[in-house]
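Report on the following structure.
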Amino acid sequence: MKVLFIGGTGIISSACSALALSQGIELSLLNRGQSSRPVPAGAEVIQADIRDPASVTAAIAGRRWDAVVDFISFTPGHVQAALDAFAGKTNQYVFISSASAYRKPSVALPVVESNLLHNPYWAYSRDKIACEDLLFKAFREQGLPITVVRPSHTYDKTLLPMDGGWTVVDRMLKGQEVIVHGDGSSLWTLTHHKDFAVGLLGLLGQTFALGEAFHITGDEWLSWDEIFRIVARAAGVEAKIRHVTSDTIARFNPEWGAGLLGDKTHSMIFDNSKIRRIVPGFRPTIPFARGAEEILAWYQADASRQKIDADFAARYEQILAFENR
């Protein structure tokens, strides 16, 4: 197969690129060449800015791919520009959406792909929903060969699962309290990017995937308290957890609060039966306990990665002071 990734060196897409090459796929990456992650050996780089239609048109002139996977479109305008650029140049356009688009709280768990998409709290999710609306309309009215994929909190060794990242781990190492939203019991799904890649690559070239949406997530369900404890154990300490309501967090840090109220506050676990019907080999194998060890090893290997977000830290202290008043 000839496959083009728009992106290809990000948290999710880097594992997909590596797996595609190992499977013998002829892989091209269209990006600006500015990622901190290296381009995998064997991939062709088409250097262009997807936000600059003229540069893309010139870069892909006379080219065609069996599948194009778009990792970096976030608004309907982004998607429409990609569709215009690749019209007639692929048999399958795969849009990477987000499982945060599902309605919260869900009326039933585990979530299936037919669940309603609705998120009044988080603009990121609303934009992804609008992108999907555009694509499915094009499929129905024009026969556009699209597939929608919804990841849920997919990580690699560089991504800590909690807002604030290393700022929170630094507090753990110092024996300070760390904030977990709500009562810490809501269930969450974390997916290692190598597990995600198996599902995504299995959808490429599949006729049965056209006009369909699939979430691709891990099968391990963890409470937020347990997620924090796993990270702390990987760091060699115990987590001193302080529970704070998501509404209070949103009052002091609206950006953090939007992601909580629009996503992480609610239990989100997924039924992966649909992806397994098309990709029987999709069987997530990397538990978060192992993933957390990879993450901590990466951060501890280079002190320059251990960055403290001063603004986040200040708001954190404001929240704790409010709770201690």
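Considered as a group, the residues in region 144-200 that are among the acidic types (D, E) and more than 12 Å from the chain's Cα centre (by Cα) include one that is surrounded by the most Cβ atoms within 10 Å (Cβ to Cβ), and that residue is D195. Are there any pairs, at least 6 apart or on different chains, whose C-beta atoms fall under 6 Å, with the first in region 1-20 and at positive phi and not assigned by TED's automatic domain parsing to the domain that holds I72 and the second assigned to a helix (DSSP H, G or I) and surrounded by fewer than 24 Cβ atoms within 10 Å (Cβ to Cβ), and if so, which? As it stands, the answer is none, since no pair meets every condition given.
Here region 275-293 is the region considered, the condition is being of a type outside the set (A, V, I, L, M, F, W, C) and surrounded by 18 or more Cβ atoms within 10 Å (Cβ to Cβ), and the residue that is nearest to H243 (Cα to Cα) is G291. Does G262 fit the bill of being of a type outside the set (A, V, I, L, M), surrounded by 14 or more Cβ atoms within 10 Å (Cβ to Cβ) and without any contact (Cβ under 8 Å) to a residue 24 or more places away in the chain? Spelling it out, it is not the case that G262 is of a type outside the set (A, V, I, L, M), surrounded by 14 or more Cβ atoms within 10 Å (Cβ to Cβ) and without any contact (Cβ under 8 Å) to a residue 24 or more places away in the chain. For E132, indicate whether it is within 19 Å of F270 (Cβ to Cβ) and not assigned by TED's automatic domain parsing to the domain that holds E255. Yes; evaluated as a whole, the condition is true for this residue. The listed residues are V237, V231, and the only one of them that is part of a helix (DSSP H, G or I) and outside the structural domain of F136 (by TED's automatic domain parsing) turns out to be V231. Screening region 1-86 for strands (runs of 3 or more DSSP E) wholly inside it with 3 or more residues that are over 22 Å from L134 (Cβ atoms), at pLDDT 95 or above and not acidic (D, E) returns the ranges 26-31.
Taken as a whole, the structure places V69 among residues that are in contact with a Gly (Cβ under 9 Å, 6 or more places away or on another chain), of a type in the set (A, V, I, L, M, F, W, C) and closer than 19 Å to A15 by Cα.
Does region 296-306 include one or more residues that are within 30 Å of S106 (Cα to Cα) and of a type in the set (A, V, I, L, M, F, W, C)? Taking every residue of region 296-306 in turn, none turns out to be within 30 Å of S106 (Cα to Cα) and of a type in the set (A, V, I, L, M, F, W, C). Would you check if G257 is buried (at least 21 other Cβ atoms within 10 Å of the Cβ), of a type in the set (G, A, S) and free of Cβ contacts under 8 Å to residues at least 12 places away in the same chain? Yes; evaluated as a whole, the condition is true for this residue. When D156, D133, D225, D170 are checked against the criterion of being acidic (D, E), touching a helix residue (DSSP H, G or I) at 6+ places or on another chain (Cβ under 9 Å) and under 25 Å from T285 (Cβ atoms), D156 stands alone in meeting it. Restricting region 99-129 to residues that are in contact with a Pro (Cβ under 9 Å, 6 or more places away or on another chain) and farther than 20 Å from L190 by Cβ, which is surrounded by the fewest Cβ atoms within 10 Å (Cβ to Cβ)? Within region 99-129, the match that is surrounded by the fewest Cβ atoms within 10 Å (Cβ to Cβ) is R126.
The values are calculated or read from the model by the stated rules, or taken from the named source; none is laboratory data. Note that this is a predicted model, so its numbers are computed, not measured. No Cβ is skipped: glycine too gets one built from the backbone with ideal geometry, and neighbour counts run over all protein chains shown.
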